[in-house]
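Beneath this line is the structure, given in structure tokens, with notes to follow.
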Amino acid sequence: MKIAGSVALVTGAGRGLGRVFAAELVSRGAAKVYGAARDPATVTDAGVTPVPLDITDAEAVARAAEQCADVGLLVNNAGVMKASTFIDAPSLDAARLEMETNYFGTLRMCRAFAPILAANGGGAMVNMLSVTSFFTNPFNASYGASKAAEWSLTNGIRTELHHYGTLVVGVHAGFIDTDMAAGLDVPKISPESVATAVFDAVEAGEVEVLADERTRSIKASLPRDHELIYPPIQELWDSAFKSPGGGRS
Ligand SMILES: NC(=O)c1ccc[n+]([C@@H]2O[C@H](COP(=O)([O-])OP(=O)(O)OC[C@H]3O[C@@H](n4cnc5c(N)ncnc54)[C@H](OP(=O)(O)O)[C@@H]3O)[C@@H](O)[C@H]2O)c1
């Protein structure tokens, strides 16, 4: 699909990757860019129209769908990561919030906007997933589960929406330089590089973006995940567990 002249909506557009997605759409000549955010006052960039939207709120999603019935490109970017393990997390709260936002919130958006995209000629949906859709790291285990669920959702709706002519793009990335990865001393890619790769893929009709070398390597390793992916994670986790202050008290 062509970005120039299109009408797009980006969730979580007040900061981070969502803000960069919206700016890239403006610079590629989109006719209208809705920047959806829980606090629409955070959407201040030129050319981006603020829309109030919490994707976990069914009524807010319905209102946004009514307000933005001209959308042809939906970018499901909003997400949360609570850096929570499965076993030692104090409660299920983080896991529930991640699933409620990353999986159910995105599913709710897909269901609300699928008929709108179809009515507007098919268009495209972009779902911002993660390298952790492919494997589980204890550091952000329940986030990985929500992103795996969101990956499954992305593959499923691609099949369901094919006959409407809707392109469904799944985007997987490792660490990106935004608030979500702030404080982590690891290599990070820029949000601008992700936005460029994503909208190049949309324009080329590609169904998947693997945004960095680590993500490409992890996906290629999936047939041998217990040999190639999990041993180094296990080693890191065990050593953190043995270090002073690490692991259970
Ligand atoms: N940063 C990374 O390393 C990384 C790597 C791979 C994938 N991702 C994915 O990329 C996407 C963007 O993340 P980011 O890096 O930009 O993180 P971020 O800086 O933490 O921003 C998260 C965005 O999601 C919004 N959001 C959270 N819950 C929401 C809700 N219920 N309704 C509407 N908006 C909500 C936030 O809005 P508020 O301002 O209202 O909180 C914010 O705009 C996420 O889906 C994330 O999982 C990130």
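Tabulated data for the structure shown
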| read-out | value |
| --- | --- |
| Residue check for ALA181: out of contact with any Asp or Glu (no Cβ under 6 Å at 6 or more places or on another chain), among the small types (Gly, Ala, Ser) and under 30 Å from PRO115 (Cβ atoms) | no |
| Segments classed as helices (runs of 4 or more DSSP H), wholly inside the stretch 144-249, with at least 1 members that are buried (at least 19 other Cβ atoms within 10 Å of the Cβ), touching a residue at least 60 places away in the same chain (Cβ under 8 Å) and small (Gly, Ala, Ser) | 191-204 |
| Selected residue (criterion: farthest from the ligand (Cβ to nearest atom)) from residues of the stretch 128-140 that are buried (at least 20 other Cβ atoms within 10 Å of the Cβ) and of a type in the set (A, V, I, L, M, F, W, C) | PHE134 |
| Residue in the stretch 74-88 that is surrounded by fewer than 17 Cβ atoms within 10 Å (Cβ to Cβ), more than 13 Å from the chain's Cα centre (by Cα) and under 26 Å from GLU203 (Cβ atoms) present | no |
| Filter result for the condition that a residue is over 30 Å from ILE87 (Cβ atoms), under 17 Å from the mean Cα position of the chain (by Cα), among the charged types (D, E, K, R) and within 15 Å of the ligand (Cβ to nearest atom), over GLU192, GLU213 | GLU192 |
| Criterion violated by MET125 - all others in (1) within 24 Å of GLU235 (Cα to Cα); (2) away from the ligand (no atom under 11 Å from the Cβ); (3) crowded, with 24+ Cβ neighbours inside 10 Å satisfied | (1) |
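To keep it simple, each residue is scored yes or no on (1) without any contact (Cβ under 8 Å) to a residue 12 or more places away in the chain; (2) under 25 Å from TYR164 (Cβ atoms); (3) touching a Pro at 6+ places or on another chain (Cβ under 7 Å).
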position	(1), (2), (3)
PHE21	no, yes, no
LYS32	no, yes, no
PRO40	no, no, yes
THR44	yes, no, no
ALA58	no, yes, no
ASN76	no, yes, no
ARG96	yes, no, no
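Rule-based calculations on the coordinates, nothing more; no lab input. Values in this document were obtained by computation on a predicted structure and should not be read as measured data. Positions of Cβ are backbone-derived with ideal geometry, glycine not excepted, and every protein chain shown enters the neighbour counts.
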